[in-house]
Amino acid sequence: MEDPSVDRIRSRVARIMPDVRAELESLVRIPSVSANGFDPHEVRRSAGAVADLLRARGLQTRLLEVEGAHPAVLGSRPAPRGAPTVLLYSHHDVQPTGPLGLWETEPFEPVERQGRLYGRGTADDKAGVVTHTGALRAWDDRPPVGIVVLAEGEEEIGSAHLAQFLDAYADLLRADVVILADSANWRVGQPAITTSLRGLVDCIVEVRTLDHAVHSGEYGGPVPDAITALARIVASLHDEQGDVAIPGLVAEDADPRDLTEDELRAWAGVRPGVELIGSGTLTGRLWTRPAVSVLGIDAPSIAEATNQLVPSARAKVSLRLAPGQEPGPAAEALADHLRAHTPWGAEVTVTPGADAWPCRVIAEGPAFDALRRAFIEAYGLAAVDQGAGGTIPLVSAFAARYPDAALLLTGAGDPGSNPHSENESLDLGDLERSIVAEALFMAYLAGT
């Protein structure tokens, strides 16, 4: 016989879902892009909107400020006597939209199609914000545990000021358990607990072959142009099989689970004739092996091109790091590789950029037991332990500062959510199930 408390939570969440969806849609309408070159007032407006949602849930709420940073939002409620405190993390900033012509709907005007809500931030990570507020609503704002809600405003730019936030507000953020609602389910309707994250280093590589541009007809042949030299450098980052060719990096395989190539190709939108690259299991290539990508190139556009040899060109190179890899040595290995593969004696400059540690979580103990039980009740399926190829700098930062806190990585998104791409979306059924799971988790953790 089903526990009647489970049915009560389900019923409450079903009743509040219209309000939860309205809250999510209101947040999505705020273009809170944290990247340079976008209006910072929109991120601050988003922070204010999140603060209003937390105050409505009866939390003591404030904006957290660090000089030069976008604001984070903090809400808190003391724990009942003897109960643990749970920190609920999400972020309210979003990625740029990219080319608007690739969106089927306006990115900041949420639209439902076939049970999915489309719009920038629907999944990454304004869904995390309303999952937390929805779980509090399910308890009529009186949960059986202490609550600290942290909504960061800089996750999409690598949590640039995270260390300063944690140092300045360490006492306010202390908790026994941390739920980071910035991951995703294994599939729609099948929950997951993320147990590993890749790290990151990136850099700008600039190549110069000439003091100035020269006529391509008069000098082409003996004189190399910078774009061709740069192309040869970035082509050296992979071997013939598509594995990362930078020596000395940590790499291992992962349990293949039941992921098929057809499914992965469909998730990513790989064109029919394009081959997948690399070796090892698909999950290993996604989660526990390094991956290197060229994210952008500065060179004349085709529209601006003239008959001249380009004297300099730049590329941004991103290297994802397997769990167990230190960022410092990886950054050095990347820079050494780029210099070693510069052709024809061209001048090369490598400027280091962002870095973030990978993380591996031992998913054992009472908090994980409570979460697994909650997922079974909410989804009707056991949670899959999965890795994630992305990077969440807050995880390793929290692990270092609060080593005794259990770190639980979850999320309402799924592989088809298209975070960081056009037509981002969220399955509304999974949003509801995520709220049910988080509310039940609070009960199971508290032993009520």
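The table below lists the values:
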quantity	calculated
Equivalent ellipsoid, the chain (semi-axes from 5 times Cα gyration tensor eigenvalues, Å)	42, 23, 21
GNM top mover of VAL20, VAL50, VAL270 - the chain, alpha-carbon springs below 10 Å	VAL270
³J(HN,Hα), Karplus 6.51/-1.76/1.60, whole Hz, each residue of the stretch 433-440, x for Gly, Pro	5, 5, 5, 4, 4, 5, 5, 5
Distance (nanometres) between label positions extended 7 Å along Cα→Cβ at VAL223 and SER236	2.4 nm
Rg and Dmax of the stretch 320-448, Cα atoms only, in Å	20.0, 70
Relative contact order (percent, whole number), the stretch 267-407, Cα cutoff 8 Å, 6+ residue spacing	22 percent
Derived scalar couplings ³J(HN,Hα) [the stretch 56-68; Karplus, 6.51 cos²θ - 1.76 cosθ + 1.60; whole Hz; x for Gly, Pro]	5, 8, x, 8, 5, 10, 7, 8, 9, 10, 9, 4, x
Net +/- balance of residues flanking LEU407 in space, Cβ distance below 13 Å, scoring K and R +1, D and E -1	-2
Between 0 and 90°, nearest 10: helix 4-28 axis offset from the chain longest Cα axis	40 degrees
Calculated on alpha-carbon atoms, Rg and Dmax of the stretch 1-72 in Å	16.8, 57
Pairwise Cα inverse-distance average, inverted: Kirkwood Rh of the stretch 107-176 (Å)	14.6 Å
Which of PRO144, ALA184, VAL33, positive extreme of dipole for the chain (C-beta unit charges)	PRO144
Cα-based helix-to-principal-axis angle, 126-138 vs the chain, degrees rounded to 10	10 degrees
The stretch 1-144: proportion of alpha-carbon pairs further apart than 24 angstrom, %	38 percent
Helical mean residue ellipticity (222 nm; -39500 (n - 2.57) per DSSP H run of 4+; nearest 500) of the chain	-10000 deg cm²/dmol
Cα gyration tensor of the stretch 279-361 - equivalent ellipsoid semi-axes, whole Å, descending	31, 16, 12
Within a Gaussian network of the chain (alpha carbon springs, distance under 10 Å), most fluctuating of ALA181, ALA160, ALA127	ALA160
Average silhouette area of the stretch 133-289, convex hull of alpha-carbon atoms, in square nanometres	16.7 nm²
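Where a number appears in this text, it was derived from the coordinates with a stated rule and is not lab data. Just so it is clear, the structure is predicted and the values come from calculations on it, not from any experiment. Methodologically, a virtual Cβ is constructed for each residue, glycine included, from the backbone with ideal geometry; neighbour enumeration extends over all protein chains shown.
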